[in-house]
Amino acid sequence: MLKLFKEGKKEASRFPKESTWSLLSGEDNGQPLVVRRNDAASDLLGSSTYRTRIGVAMPFLRPTAHGMPDKEESEELYRIEDAICERMSADELALLVLTITGGNVKELVFYTRDPKKAQRALDAARSQVTSHLVQNYVEDDPEWGVYREFVRS
């Protein structure tokens with residue numbers, strides 16, 4: 001019998017054209033925590049293509065007593081986030097799935113299809129940032145463990 005279709009696991013790798021966000025709040029060690037979750041990112045869950053997580057951390061320069069940025073610093077962090085996202089999302093290279101703000105730091109969580117290329121894009125964006133230290137890590141995470149921590153089943 002002629003097989004016209006490949007059998008196996010359905011590939012869920014449709015990069016979302018538009019993001020939809022949920023705002024979550026909670027506490028971590030008694031301090032406020034604010035999370036923005038990209039709900040459209042669930043379109044990539046189970047993808048064998050976007051399996052590497054890149055975390056980008058930006059420690060606050062002037063945290064409040066509650067470990068959050070003041071209004072002026074928050075606006076600067078949004079500008080940095082936008083610049084990083086512009087480079088990381090080009091050609092569907094990486095998708096921002098979470099922002100986690102609290103504990104004196106803002107973290108951006110991406111999943112990428114090409115960690116080396118994404119690192120170069122991040123390095124290019126980092127070279128333009130003069131106001132904040134921009135740190136990062138790269139880790140294989142095919143199950144999207146960090147994203148799933150913020151999704152209720």
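The values are calculated or read from the model by the stated rules, or taken from the named source; none is laboratory data. Computed from a predicted model, the values in this text were never measured in an experiment. Don't worry about glycine lacking a Cβ; one is built from the backbone with ideal geometry, like all the others, and counts go over all protein chains shown.
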Which number in (1) closer than 19 Å to residue 148 by Cβ; (2) of a type outside the set (Phe, Trp, Tyr); (3) more than 15 Å from the chain's Cα centre (by Cα); (4) modelled with pLDDT of 95 or more marks the one condition that residue 97 misses? (3)
Any idea which residue in the stretch 135-153 is surrounded by the fewest Cβ atoms within 10 Å (Cβ to Cβ), counting only those that are out of contact with any Gly (no Cβ under 9 Å at 6 or more places or on another chain) and closer than 22 Å to residue 23 by Cα? 153
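Yes or no, residue by residue, for (1) crowded, with 17+ Cβ neighbours inside 10 Å; (2) in contact (Cβ under 8 Å) with a residue 12 or more places away in the chain:
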site	(1), (2)
48	no, yes
57	no, yes
65	no, no
77	yes, yes
80	yes, yes
When you go through 51, 79, 62 one by one, which is the residue that is more than 10 Å from the chain's Cα centre (by Cα), under 17 Å from residue 138 (Cβ atoms) and of a type outside the set (Phe, Trp, Tyr)? 51
Give the residues of the stretch 100-122 that are under 13 Å from the mean Cα position of the chain (by Cα) and of a type in the set (Asp, Glu), sorted by residue number. 107
